[in-house]
Amino acid sequence: MAERVLLDHPPDTGTAFADAFARLVRRHQSMVFSIALHFLADRSAAEELAQDVFLQLHANLPNLKSEEHVTFWLRKVTAHRCIDFKRRRTLPQVSLEEVAEPGALTSNGDPFLTRKLRQMIASLPEKPRLIMILRYQEDLGPEEIAETLSMPVGTVKSHLQRSLALLREKVSRTIGEVTL
Amino acid sequence: MTDKNLNQIEDQLKRALSRQEAPRDFADQVLARVAEQHASRTAPRNPWWRIFTQPLVRWAAITATAASLVIGGIHYRNVRIERAKGEAAKQQLMLALRIAGSKLQLARARVNEINATQTNQSRREEE
């Protein structure tokens, strides 16, 4: 089992470890990359950040106890790195119309509405944006989000409610009540 | 917000925020960076003294050390000679002062003696 090889051995110990680590990266790369992409709305920045997260994971593997712990750790570190990255880079504040389409994304449903929603999420403040991403990308409950972001469950719930209300209002204003 | 509307927007959000595929070579790039980091961590570092393994630097260092020792030795010898000369001059001056002092004492004693003789003579003449 790849995880056992990784979790039982210190990093940099041979080919078996490298292969297992590669499999671990491939298994989680979509999750880490997507959190960063949805948060930053910048494909190359998201790729760079995701690579940094996996480098940090490589160094921290001896401290991780299970596959679940690895997943939790990756979400937590990615979330914190997203906020740090945004603050360090001081990316220009974006308006709804200026937000770049996060890569060549594919999705079902109304593509116009999907694009508008992504733009709206990208314009939310940092914490609510992360909460929305963890809720709707990772399908986490408020308790899990609170644990990941180290914040009270009540705060997470109120952010979710406010963000949903705000998005609904913006969508209504942009494309009218017809769609919703 | 009705339940239907809420469900609709939540469904739309799930679609909009669905997971995206990372670039095809993402894992390879991560592994390359890990290998790069590992190589830079384990690469033997050249200690400062390894510079002396180069012949030119070694000979330059030997020459500089030898020149410093010779110049230092000569300087120390000169300082000692100067100090000895100073001591000798001081001794000679002290001797000269002692001789001059004793000569002065002799001269004063002689003057006193002459004065005493003249005084006795003049008293006798008065008597």
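One residue stands out in the range A:1-55 among those that are open to solvent by 60 Å² or more (accessible area, probe 1.4 Å) and modelled with pLDDT of 90 or more: the one that is farthest from the chain's Cα centre (by Cα), namely A:R23. The single residue among A:R173, A:R129 that is in contact (Cβ under 8 Å) with a residue 60 or more places away in the chain and more than 8 Å from chain B (Cβ to nearest Cβ) turns out to be A:R129. Residues in the range A:152-167 that are of a type in the set (S, T, Y) and away from every other protein chain (no Cβ under 12 Å): A:T155, A:S158.
B:V34 meets the conditions (1) among the β-branched types (V, I, T); (2) loosely packed, with under 10 Cβ neighbours inside 10 Å; (3) in contact with a Phe, Trp or Tyr (Cβ under 9 Å, 6 or more places away or on another chain) in every case but one. The failed one is (2).
The values are calculated or read from the model by the stated rules, or taken from the named source; none is laboratory data. Since the structure is predicted, the reported quantities are computational estimates derived from the model, not experimental observations. For neighbour counting, all protein chains shown are included, and Cβ atoms are generated from backbone atoms with ideal geometry for every residue, glycine included. Protein only, heavy atoms only, side chains kept; ligands, DNA and RNA dropped before computing areas. Shrake-Rupley method; radii C 1.70, N 1.55, O 1.52, S 1.80 Å.
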